[in-house]
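Report on one structure; see the data block that follows.
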């Protein structure tokens, strides 16, 4: 039982890591942010977060089913 929980947690961590890497690659690609530091990237995202979240299509909002 303990091993299966460990395995599940490990798989979840791997999936999250993969997702974060993929999203980071997309961020660098579309925002041409590969030359920015982590702090600069955060500042860039903060600049546009309000606008993007306010104009996000419903299918991408957290309360929309099947938006994985």
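Derivation of every value follows stated rules applied to the coordinates shown; laboratory data play no part. Small disclaimer: the values here were computed from a predicted structure and weren't measured. Methodologically, a virtual Cβ is constructed for each residue, glycine included, from the backbone with ideal geometry; neighbour enumeration extends over all protein chains shown.
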*Once label points are set 7 Å from the Cα along Cα→Cβ at both residue 31 and residue 55, what is their separation, rounded to one decimal in nm?*
1.6 nm
*Give me the angle, in degrees from 0 to 90, between the Cα long axis of helix 38-54 and the longest principal axis of the Cα atoms of the chain, rounded to the nearest 10.*
80 degrees
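What are the semi-axes of the equivalent ellipsoid for the chain, taken as the square roots of 5 times the Cα gyration tensor eigenvalues, largest first, in whole Å? Present the calculation step by step, with values, prior to reporting the outcome.
Numbers: eigenvalues 168, 74, 19 Å².
Sorted largest first and rounded, they come to 29, 19, 10 Å.
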